[in-house]
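A short write-up of the structure that comes next.
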Amino acid sequence: MKNLFKKSRICPGQTTEMFIAPFRKKAPKSLNKQVLGSILIIICFLTIAPIGLLLLTGFQTIQYDKIITNVSRANDFSQTVAVKIPDEIWKIVAGQQYFYSGNQILYIHQVREGIKEIQRTGGEAVELLAVASRALDTLENYVLLLGDQIRRGASVSENEVILEEVRGVASLIEELLQEYIVEEIKSSSEANERLKHLTNIMTISLLIFFLAAVVFAFIVRRTLSNNIQHAISKVEDFSNQIAAGQLDRRITSPSIQEFEHLTGNLNIMATKIQQLIDANIREQKNLQKAQMQALQAQITPHFLYNTLDTIIWLAEVGQTKQVVELTKAFSNFFRISLSRGREWITVGEEIEHIKSYLTVQEIRYRDILDYEINCDESLYNFPMLKLVLQPLVENALYHGIKNRRGRGHLQVNATRSGDLLHFEVTDNGIGMTEERLAQVTKELSTDFDRAETTEKPSVYGLFNVNKRLYLYYNQQASLNIVSVLKQGTTVSFNVPLSGPKEGKLENV
């Protein structure tokens, strides 16, 4: 704020008083809040009854649909037991097909599973299904007995006796299922009556709520009108005080046509102060951007040294192919990092940048690292701030995967959500405790427009990325972290498809 004091030639004490004084005494009532609150209450009046009707009607409809479905299925099972199974047994007894080539056992199992499924849905006649299920067991025993007789070479007359038993039991099961269907139809009729009764009740309730909303709206209109009339004299006095030079006062400009000539002087004062504040913020942001650009150069020295050492080691052991692959990836990594001084690159270039980085790291950490990058090519041409994914990937590798046992998996996702680009870096590393996650979140929640960071944060890479996102996108972008100890961490952020909110987009 020193630059602000210097340029405006206002002493620090006076400036502080100018900004704090307006908030010491708030107006007893806010017309905007009253209007908003009134609208919300009216909306509640007009939505509670319809929502309740919708929920209750939906519940009753689901119950009704379940009953109809059960009736339909029970009818199908009844036909299977009454027709298909006896027909299969008759063909076997008549010698038209072999016992083991028939579908009688399959039909029995299908009916049994179907009855169990209907029983799980409940219902008032579920006892009938239990009896039908036991009768189905008896039917299956007769069918198996028939198979045993055929295998022993029993006579046709003996087999016909079993056939009659099968038909008798099948007829019993059919009757039970038909009784169940009748009971369920009665239940559906009752459910329909309940639905009609409920609809009538909710319709009356809706009318009552509507009348209450109308009465409330008239009361609010009268109250707000009185408040506006009462504020007229206060607004006139306030405008005279501002014109006299009392700059420590504040008021919200009334949105009333009769007071437009009074708000002119107030808007002039507010505009000048706002311009002064905006100029200072822009100056501070430009300074911070320059500082961050200098900090970027400090991100990769250790990576440079370690990679060169790896290249030398591979060359010494004769791994020529890996030397070439590593050198290409390393060269491409720095080519995109420099980007001819540009701060903005395409999503495709940023993805290529982390691919190069992970190619280098995969060679170095081939025993512990697997990675996956998912990004639709339709997103490649959108602009974005460069060097925001690589620090997140590096953080996931060094602080997540390297600290776990065994191989780790790192995944980078880039997707589109409306007018936003969504980026996500996930690892299955060591993760963070709840206390550590709370500490990291607190460090990243710094207000960069107000706070001066004197201590070096414990998450230096994440802090720098979060700060750069804020500086270039304002409040449109910030890091979000989800982490579970011994399970992994996910760091994500959104940025606008169109690029930065302020400033000129450099040659992308």
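Tabulated results
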read-out	value
Most positive-pole-ward Cα, V81, S101, I115, against dipole of segment 74-129 from beta carbon charges	S101
Distance between modelled label sites at L338 and I51, nm, 7 Å Cα→Cβ extension	6.0
³J(HN,Hα), Karplus 6.51/-1.76/1.60, whole Hz, each residue of segment 403-410, x for Gly, Pro	8, 10, 8, x, 6, x, 10, 10
Accessible-area order (highest first, 1.4 angstrom probe) of the listed residues H353, H109	H109, H353
Set K402/K486; K272/K467; K328/K467; K116/K196; K328/K402 screened for pairs whose C-alpha atoms are more than 21 Å apart	K272/K467; K328/K467; K116/K196; K328/K402
Proportion of all alpha-carbon pairs of segment 125-196 beyond 20 Å (%)	47
Karplus-derived 3J(HN,Hα), 6.51/-1.76/1.60, for each residue of segment 51-67, Hz, glycine and proline x	5, x, 4, 4, 5, 5, 5, x, 5, 5, 5, 4, 5, 5, 5, 5, 5
Base-10 log of normalised Debye intensity for segment 94-147 (one unit scatterer per alpha-carbon) at q = 0.16, 0.22, 0.30 Å⁻¹	-0.54, -0.82, -1.18
Per residue value of the accessible surface for segment 45-152 (all protein chains in place, 1.4 Å probe), Å²	55
Under 5 Å, built H, 5+ apart or other chain: amide partners of Y371	L410
Accessible surface, segment 169-231, averaged per residue in Å² (probe 1.4 Å)	65
Rounded to whole Hz, the Karplus (6.51, -1.76, 1.60) HN-Hα couplings of segment 100-117, x for glycine and proline	7, 8, x, 9, 4, 5, 4, 5, 4, 5, 4, 5, 4, 5, x, 5, 4, 5
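The values are calculated or read from the model by the stated rules, or taken from the named source; none is laboratory data. Given the structure is predicted, the values throughout are model-derived calculations rather than measurements. Note that each Cβ is placed from the backbone with ideal geometry, even for glycine, and that neighbours are counted across all protein chains shown. These area figures cover heavy atoms from the full protein model, side chains too; ligands, DNA and RNA do not enter into them. Shrake-Rupley method; radii C 1.70, N 1.55, O 1.52, S 1.80 Å.
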